[in-house]
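**Q** This is the structure I want to talk about, given as structure tokens.
Values in this text are rule-based calculations from the coordinates and carry no lab data. The shown structure was predicted, so the numbers you read here are calculated from the model rather than taken from an experiment. We place every Cβ from the backbone using ideal geometry, glycine too, and count neighbours over all the protein chains shown.
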Amino acid sequence: MVVAVTLAALLAAGPLRAEDRLVRMAVPDALVETGFLKHLLPRFSLKTQVRVQLVAPSEEAEAALGTNGGAGAKPVFQGAQGLWHISVLDDAHPGTARFVDWLSSEIGSRTITAYAPEGVQMFTLPEVQVAAVEEISFEGDAELGQSLSRSMCGRCHAVADDMHLNDIGSTPSFFVLRTLPDWDYRFQAFYALNPHPAFTQVEDVTPPFPEDRPSPIVPVAMTLDDLEAILAYVASLEPADLGAPLQHQ
């Protein structure tokens, strides 16, 4: 009996089960339409391997985001119609707990404040929350990341100095992308940004392709560890020298 109880406790404390790696979150259309969640959720999935599926407020869910903070609701960010709270609807769901903890962590706070389409910051931290924000570091294997970049991304992008003649002319090289102030977001969330969702599968994160809309090309299939390695490689690249900004008279 003691052995059985001990084993059960160890299993409970171990990695998340498949059903715990999906969190259904009820979100109003007003927040979805800002594009903020396409910025926020891929970073959370990258670090935790938990995927968040957005559902309508009327549907069954484990968590909910809204501007009406009820009992137990926690303020998480401010902007776009007010102060937004997260409500945990299923206290026993470990993936939901991870998401709530991540939102108030240093990296979660930085991700919230980094969303600035066209250079305009849309969300800030709640006034009641004071967070020390640190720079993001990537723990992946940069050497492996270079190899993966060549095999997975090299069909469209120039990912190394010796590949500038092999890329598609309409797609920027990794060196050009590295000059962008939000390059880290773009790479962490690339599989959610067009045209990548049409042909990219990230294990335990992206849903399968619809049967009536298969990938138009040979799919790019990767794990979150693969993506972490690619991020470490891109972080090591020297940004392209694009010259001085154009001067207008």
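**Q** Please report the relative contact order for segment 16-119, taking Cα pairs under 8 Å with a sequence separation of at least 6, and give it as a percent rounded to a whole number.
**A** 28
**Q** For segment 78-95, what does the Karplus curve 6.51 cos²θ - 1.76 cosθ + 1.60, with θ = phi - 60°, yield as ³J(HN,Hα) per residue in whole Hz, taken in order and with x for Gly and Pro?
**A** Listing the rounded values in order: 10, x, 6, 5, x, 8, 9, 10, 10, 10, 8, 9, 9, 5, 8, 8, x, x Hz.
**Q** Right, something else. Please compute the contact order of segment 142-235 in relative form: average sequence separation of alpha-carbon pairs under 8 Å and at least six residues apart, divided by the residue count, as a percent.
**A** The normalised contact order for segment 142-235 reaches 37 percent.
**Q** If amide hydrogens are placed 1.01 Å from N in the peptide plane, which non-local residues have theirs closer than 5 Å to the one on Thr223?
**A** Glu203
**Q** Then there is this: What does the net charge come to around Leu224 if you take all other residues with beta carbon closer than 9 Å to its beta carbon, with K and R at +1 and D and E at -1?
**A** Taking every other residue near Leu224 into account, the sum is -4.
**Q** For a quick protection proxy, order the peptides 106-115, 212-221, 63-72, 32-41 by their average other-Cβ count within 10 Å, most packed first.
**A** Order by mean packing, descending: 106-115, 32-41, 63-72, 212-221.
**Q** For segment 173-182, what does the Karplus curve 6.51 cos²θ - 1.76 cosθ + 1.60, with θ = phi - 60°, yield as ³J(HN,Hα) per residue in whole Hz, taken in order and with x for Gly and Pro?
**A** 6, 4, 5, 5, 4, 5, 7, 6, x, 10
**Q** Can you list residues from other chains, or at least 5 along the same chain, whose modelled amide H is less than 5 Å from the amide H of Leu22?
**A** For Leu22, the qualifying residues are Arg51.
**Q** How much FRET efficiency would the formula 1/(1 + (r/R0)^6) give for Arg155 and Lys38, where r is the Cβ-Cβ distance and R0 is 30 Å, rounded to 0.05?
**A** 0.80
**Q** Mind listing the long-range amide H neighbours of Ala240? Cut-off is under 5 Å, sequence gap 5 or more, other chains count too, H placed in the peptide plane at 1.01 Å from N.
**A** When sequence neighbours closer than 5 places are left aside, the close amide H contacts are Val176, Arg178, Thr179.
**Q** Mind giving me the nanometre distance, one decimal, between the label points for Leu89 and Ser215, set 7 Å out from Cα along Cα→Cβ?
**A** Result: 3.3 nm between the two label points.
**Q** If you plug each phi of segment 121-126 into the Karplus form 6.51 cos²θ - 1.76 cosθ + 1.60 with θ = phi - 60°, what whole-Hz ³J(HN,Hα) values come out, in order, with x for Gly and Pro?
**A** 5, 9, 10, 10, 7, x
**Q** If every alpha-carbon in segment 142-235 counts as one equal scatterer, what log10 I(q)/I(0) does Debye give at q = 0.16, 0.19, 0.26 1/Å?
**A** Result of the Debye calculation: -0.65, -0.93, -1.59.
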